[in-house]
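Report on the following structure.
The values are calculated or read from the model by the stated rules, or taken from the named source; none is laboratory data. Here the structure is a predicted model, which means the values were calculated and not measured. Note that each Cβ is placed from the backbone with ideal geometry, even for glycine, and that neighbours are counted across all protein chains shown. Calculation scope for accessible area: heavy atoms of the full protein, side chains included, ligands and nucleic acids excluded. Shrake-Rupley method; radii C 1.70, N 1.55, O 1.52, S 1.80 Å.
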Amino acid sequence: NDLKNHRNNDIEFVLEQMLQYEGQTGPYLQYTSVRINSLLNQKEYCLNKDIDSSLFNKSHYFEIIRTLSKFQKLIEKGVLENDPSIIAKYALILASNFNKFYALERIIVSDNKICNTNLIISYCVKTVLDGCMRLLGMKILREM
């Protein structure tokens, strides 16, 4: 919760806000990671199988891919500026984008190609989100 703020800004400590599963909090990131973990455990997926790239024309798919593509540059920027808030804000945006995606799409569907695409996207989001949480010193949970 505190790391999302730039180090030069004042920080207001409100315990109730820090522990919420919604909004810009650590538990929100952990909950998103656990949600994805649950999806990935429901059905097999293969990173080497074909994907349905036509899905990326949908704005919510495209937004996740675009956000994932920014990971390396934001990590480098956070390190160069010695500013963990850059990583924290990025993780919150990624989690928010995934949760919008989750609300708009059924992840596990009968069409194997679409299902595999959805699960690969979920896997990529979880990998990057967990990496951000590790960098921020957060515990990665398997279940809640």
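What the table shows:
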| item | result |
| --- | --- |
| Residue count for the stretch 117-143, restricted to those that are under 19 Å from GLU44 (Cβ atoms), surrounded by 15 or more Cβ atoms within 10 Å (Cβ to Cβ) and under 15 Å from the mean Cα position of the chain (by Cα) | 9 |
| Search result, residues across the stretch 55-94 that are over 30 Å from ILE114 (Cβ atoms) and not in a helix (DSSP H, G or I) | GLU81, ASN82, ASP83 |
| So LYS43, is it outside any loop (DSSP other than H, G, I, E, B), surrounded by 14 or more Cβ atoms within 10 Å (Cβ to Cβ) and of a type in the set (D, E, K, R) | no |
| Of residues in the stretch 71-90 being open to solvent by 30 Å² or more (accessible area, probe 1.4 Å) and among the polar types (S, T, N, Q), the one farthest from THR127 (Cα to Cα) | ASN82 |
| Number of the condition not met by LEU68 [criteria: (1) open to solvent by 30 Å² or more (accessible area, probe 1.4 Å); (2) without any contact (Cβ under 8 Å) to a residue 60 or more places away in the chain; (3) touching a Cys at 6+ places or on another chain (Cβ under 9 Å)] | (2) |
| Every residue from the stretch 33-46 that is more than 18 Å from the chain's Cα centre (by Cα) and touching a residue at least 40 places away in the same chain (Cβ under 8 Å) | GLN42, LYS43, TYR45, CYS46 |
| Any hit, the stretch 96-116, residues being open to solvent by 40 Å² or more (accessible area, probe 1.4 Å), at positive phi and in a loop (DSSP other than H, G, I, E, B) | no |
| Pair list, Cβ under 8 Å, 6 or more apart: the stretch 126-144 residue closer than 15 Å to THR25 by Cα and among the hydrophobic types (A, V, I, L, M, F, W, C), other residue assigned to a loop (DSSP other than H, G, I, E, B) and open to solvent by less than 70 Å² (accessible area, probe 1.4 Å) | MET133/ILE140 |
